[in-house]
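Each reported figure results from applying straightforward, stated rules to the coordinates on display, with no laboratory input. Nothing here was measured: the structure is a model prediction, and the numbers come from that model. Cβ: placed from backbone, ideal geometry, glycine included. Neighbour counts: every protein chain shown.
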Amino acid sequence: MFPKIKIKPSFFVVAAFCFKLNILKYFLTVFLLVILHECCHIFTAMLWGIKTKRIIITPIGAYADMPALEQLHITKRILIALAGPLFNLALCPFCGGILRQTNLVIALFNLLPLYPLDGGKIFHYLISYFIGVLRGNLISVRLSIGLSIMLISAGLTQLILYPPNLSLLCLGIYFYRFNKANTVNMTYSFYKTVINKNDNKIMPVRSMAASEKMDIKAVLYRLGWDHYSIIYVRKNNDIFKLTEERLLSYVMTKGIKGTLGTVLNEI
């Protein structure tokens, strides 16, 4: 079944603005290249059985909503994210002039470590794999907000030098607002994915050692999408095994305040 398509109202506002400036043809050309870029992500994900729920069209292009993407191994997720930029780079030798430059800009811009661009997703996947998803979320969002502010600054300079060019300013504001609002969504998505891990899938197990005085929040930061965690807790002269299911069960009922010792006392 073909995914649903949702068009943001701001897309039509920007299209009308480009028509007024007599650059609608260029805007539609860029938009077509971005759509093809996004189709590469969708088709690559389909190779590993991931279906796209919907495609959201915005003034800066489009992005595909793939709810089950976290089920894949990190290597496959990175390949899906790279599919779009590689497509634009592959087109460069067959294009000339402004079209070649446009493909190059689309590819390089999407590789910036700015969420939800492809480079931002790859950065998020890698850092989450090594230091835990929640910590990765925090660092990814902070980096993206910092880069958004840099884009806004560059956009203000662009507006002064080349009025009425608002491209960088609009991009910076969009990414800033997106990442400000996305912090809670990323955390919710993480908890939902971890709690509903597929029991029929063979996953690697990671173990960690901690004292009973360690905060629950610090341990949650170490959990991941694509592996199970077992925490060995040192309490007095004994070592107790705490599975991530038990830890999350405690968190769902009692919250994240407290220490691992508190969790052991409850169970």
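Loop only by DSSP, 14 or fewer other Cβ within 10 Å of the Cβ. Give me the trypsin sites (Lys or Arg not before Pro) in the range 1-70 that pass, ordered by residue number.
Here the sparse-neighbourhood loop sites are LYS51, LYS53.
Residues with beta-carbon under 13 Å from that of ASP118, excluding ASP118: net charge, scoring Lys, Arg +1 and Asp, Glu -1?
The answer is +1.
Restricting things to alpha carbons, tell me how big the range 103-154 is in terms of Rg and Dmax, in Å.
Over the range 103-154's Cα set, Rg and Dmax evaluate to 11.5, 34 Å.
For a quick protection proxy, order the peptides 36-43, 208-215 by their average other-Cβ count within 10 Å, most packed first.
The densest-packed peptide leads the list: 36-43, 208-215.
Compute the separation of the alpha-carbon centres of the range 96-149 and the range 208-228 and state it in Å as a whole number.
Taking the Cα centre of each part, the range 96-149 and the range 208-228 sit 26 Å apart.
In whole Hz and in residue order, list the ³J(HN,Hα) couplings for the range 50-55 that follow from phi through the Karplus curve 6.51 cos²θ - 1.76 cosθ + 1.60, θ = phi - 60°; x for Gly and Pro.
Those phi angles translate into 8, 9, 8, 6, 7, 10 Hz.
Under a Cβ-only charge scheme (Lys and Arg +1, Asp and Glu -1), can you give me the dipole magnitude of the chain about the Cα centre, in debye to the nearest 20?
Computed charge dipole of the chain: roughly 300 debye.
Just want to confirm a number: the relative contact order over the chain, from Cα pairs under 8 angstrom separated by 6+ residues, in percent.
Relative contact order comes out at 12 percent.
So what is the calculated 222 nm ellipticity per residue for the chain, using -39500 (n - 2.57) for each DSSP H run with n of 4 or more, over all residues, to the nearest 500 deg cm²/dmol?
-20500 deg cm²/dmol
Which entry is the computed percent of Cα pairs over 33 Å apart for this structure: (i) 26; (ii) 37; (iii) 32?
(iii)
Tell me which of GLN158, ILE239, GLY132 sits at the most positive position along the dipole axis of the chain, charges placed on C-beta atoms (Lys, Arg +1; Asp, Glu -1).
GLN158
Extending each Cα 7 Å along its Cβ direction at ASP215 and THR262, get the distance between those two points in nm, one decimal.
Inter-label distance under the simple model: 1.1 nm.
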